[in-house]
1. Can you pull out the strands (runs of 3 or more DSSP E) entirely within region 56-149 that have at least 2 residues that are under 19 Å from Y35 (Cα atoms)?
2. Which pairs do you get when a residue that is closer than 11 Å to R41 by Cβ, found in region 73-88, comes within reach of a residue that is surrounded by fewer than 18 Cβ atoms within 10 Å (Cβ to Cβ) and at pLDDT below 95, reach meaning Cβ atoms under 6 angstrom, with the pair 6+ apart or on two chains?
3. Quick check on region 123-131. Is at least one of its residues β-branched (V, I, T) and in contact (Cβ under 8 Å) with a residue 40 or more places away in the chain?
4. Filter region 90-117 for residues that are hydrophobic (A, V, I, L, M, F, W, C) and under 21 Å from R40 (Cα atoms); which is surrounded by the fewest Cβ atoms within 10 Å (Cβ to Cβ)?
5. Has region 41-51 got at least one residue that is among the hydroxyl-bearing types (S, T, Y) and part of a strand (DSSP E or B)?
6. Can you name every residue in region 94-122 that is β-branched (V, I, T) and touching a helix residue (DSSP H, G or I) at 6+ places or on another chain (Cβ under 7 Å)?
7. Could you check, for region 118-128, whether at least one of its residues is crowded, with 18+ Cβ neighbours inside 10 Å, of a type in the set (D, E) and under 20 Å from M30 (Cβ atoms)?
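The values are calculated or read from the model by the stated rules, or taken from the named source; none is laboratory data. None of these values were measured; they are calculated from a predicted model. Cβ atoms come from the backbone with ideal geometry, glycine included; neighbour counts cover every protein chain shown.
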Amino acid sequence: MVATDVLPPTIAAAPRPLPAACDACADAAMIRAMYDAYARRDLLDVVSCFAPDVVIRQSTHLPWGGMYRGLDRVREFYDTLMEHVDSRFEVQEVLPAGERVIVSGRTRGIARRTGAAFDLRATHVYELRRGKVIRMESYVDTPGMIAVL
């Protein structure tokens, strides 16, 4: 054991950096909070989780699909999604994986045009930098979603 009184003051007082595992846990907690905000339909809180240079990707076979770049487009992505479906995402698992957080679960809801209900598996992969989402890739059972739209 080393007593701090024998270490130079700059070493004894220097804060220790948090291990990467702590960063991954903080990122996972932020992603969970983002899902809570989406459940409340608080899009301001949702958008606040994204970096200014974020990129969102969703299958182009869906009406809200494509690639969205930047914060203005994040809001457009969610607005377009909600124009077509009234959905809730049930988070079943959150896996921190270094700079990524992988979320698996189910999306449940109603297609607005047809009134058809859906209950589909979905996975979201987030890449984070300094506590903000810089990339989101959304994977859903696309044929199942198309069938209800």
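1. On the way: elements: 66-69, 85-97, 100-111, 117-129, 132-140.
Per the criteria, 85-97, 100-111, 117-129, 132-140.
2. From residues that are closer than 11 Å to R41 by Cβ, the pairs are Y78/L43.
3. Looking through region 123-131, none of the residues is β-branched (V, I, T) and in contact (Cβ under 8 Å) with a residue 40 or more places away in the chain.
4. Taking region 90-117 as the starting set, the residues that turn out to be hydrophobic (A, V, I, L, M, F, W, C) are 91, 94-95, 97, 101-103, 110-111, 116-117.
After this cut, where a residue has to be under 21 Å from R40 (Cα atoms) as well, the list is 91, 94, 103, 110-111, 117.
Details: V91: 15, V94: 18, V103: 22, I110: 14, A111: 18, A117: 10.
Checked region 90-117; the qualifying residue surrounded by the fewest Cβ atoms within 10 Å (Cβ to Cβ) is A117.
5. no
6. Step one: list which residues in region 94-122 are β-branched (V, I, T), which gives 94, 101-103, 107, 110, 114.
The answer is V94, V101, V103, T114.
7. Yes - at least one qualifying residue is present in region 118-128.
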